[in-house]
Amino acid sequence: MTQTDRDALLEAALIHVPFEGMNDLALAAGARDIGMSPALARVHFPQGGAGLAAAYHRRADQALRQTLAAAPPEGRFRDRVAQAVWQRLQLVDPELVRAGAATLALPQNAALASKLVWETADVIWTGLGDRSQDVNWYSKRATLAAVISATVLFWLGDESEGQAETRGFIDRRIDGIMSIETVKARLRRLPGASRLTDAAFGWIKAPRDRALPGKIR
């Protein structure tokens, strides 16, 4: 079993998603197109449509990771975060995202859906140079994950020219994140704040290898 085979199946299945949905039917049709047995297709995507949606999502995350490494956004930090979120949207097809969202919205896929958004937030923060090792590692990703989720929903319904309204939506949400970070920075400068923070949250550390538990490729 090779990654190349899995990639070929992913590409073939995505062609059928607009007609079949992000599900086993698309995987089966894709497998037929490339002459792959249904049993092998199931080996590559044991989660069926949810696995197909996750693979498409993570492929875009990997592309964003490479983009940020090769040409990181410039300017104010809030502008860099906003640009990274915008770049991530440009790496996917709205119709495929909509189909994937419908599959991931099923109750049995809720944990996977949350994990995928968290992974995207981690790609952005890490790609922009975040080196936090304490509770901030989690709080930054949690707040950005909420922004990403809301942004995708807005983007899917945005019919403005050049999706200008989505850009404005991102800017407003990122401003909110930066406001939170500013308040946190001010609070940390208060006398005794660092000791209180260490006592309450000092035991919380970022994952050593930055890998998320249960990550399924």
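The values are calculated or read from the model by the stated rules, or taken from the named source; none is laboratory data. Keep in mind the model is a prediction, meaning the values are calculated, not measured. FYI the Cβ positions are ideal-geometry reconstructions off the backbone, even for glycines, and counts take in every protein chain you see.
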All conditions in (1) modelled with pLDDT of 65 or more; (2) surrounded by fewer than 16 Cβ atoms within 10 Å (Cβ to Cβ); (3) within 28 Å of Gln62 (Cβ to Cβ); (4) charged (D, E, K, R) are true of Arg141 except (2)
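Only one of Arg58, Arg76 is without any contact (Cβ under 8 Å) to a residue 24 or more places away in the chain and either within 30 Å of Gly176 (Cα to Cα) or basic (Lys, Arg) (or both). Can you tell me which? First the steps, then the outcome.
On the way: Arg58 fails: without any contact (Cβ under 8 Å) to a residue 24 or more places away in the chain.
Result: Arg76 is the single residue among Arg58, Arg76 that is without any contact (Cβ under 8 Å) to a residue 24 or more places away in the chain and either within 30 Å of Gly176 (Cα to Cα) or basic (Lys, Arg) (or both).
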Per the list (1) out of contact with any Gly (no Cβ under 8 Å at 6 or more places or on another chain); (2) in a loop (DSSP other than H, G, I, E, B); (3) surrounded by 14 or more Cβ atoms within 10 Å (Cβ to Cβ), residue check on Met22 breaks on (1)
Per the filter on the stretch 105-148, residues without any contact (Cβ under 8 Å) to a residue 60 or more places away in the chain, assigned to a helix (DSSP H, G or I) and hydrophobic (A, V, I, L, M, F, W, C) are Ala110, Ala111, Ala113, Val117, Ala121, Trp125, Ala142, Ala145, Ala146
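From the list Arg42, Arg59, Arg80, Arg32, which one is among the basic types (Lys, Arg) and crowded, with 18+ Cβ neighbours inside 10 Å? I'd like the intermediate steps shown before the answer.
Values: Arg42 fails: crowded, with 18+ Cβ neighbours inside 10 Å; Arg59 fails: crowded, with 18+ Cβ neighbours inside 10 Å; Arg32 fails: crowded, with 18+ Cβ neighbours inside 10 Å.
The match here is Arg80.
Per-residue answers, yes or no, for (1) surrounded by 20 or more Cβ atoms within 10 Å (Cβ to Cβ); (2) small (Gly, Ala, Ser); (3) not in a helix (DSSP H, G or I):
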{"site": "Glu11", "(1), (2), (3)": "no, no, no"}
{"site": "Pro18", "(1), (2), (3)": "no, no, no"}
{"site": "Pro46", "(1), (2), (3)": "no, no, yes"}
{"site": "Ala54", "(1), (2), (3)": "yes, yes, no"}
{"site": "Gln66", "(1), (2), (3)": "no, no, no"}
inquiry  = Condition (residue is under 30 Å from Leu128 (Cβ atoms), modelled with pLDDT under 95 and of a type outside the set (Gly, Ala, Ser)) applied to the stretch 3-16: is it met by at least one residue?
reply    = yes
Subset of the stretch 20-77, residues of a type in the set (Lys, Arg) and under 20 Å from Arg88 (Cβ atoms), comes to Arg58, Arg59, Arg65, Arg76
Restricted to the stretch 144-170 and to residues being within 26 Å of Ala105 (Cα to Cα) and of a type in the set (Asp, Glu), the residue surrounded by the most Cβ atoms within 10 Å (Cβ to Cβ) is Asp158
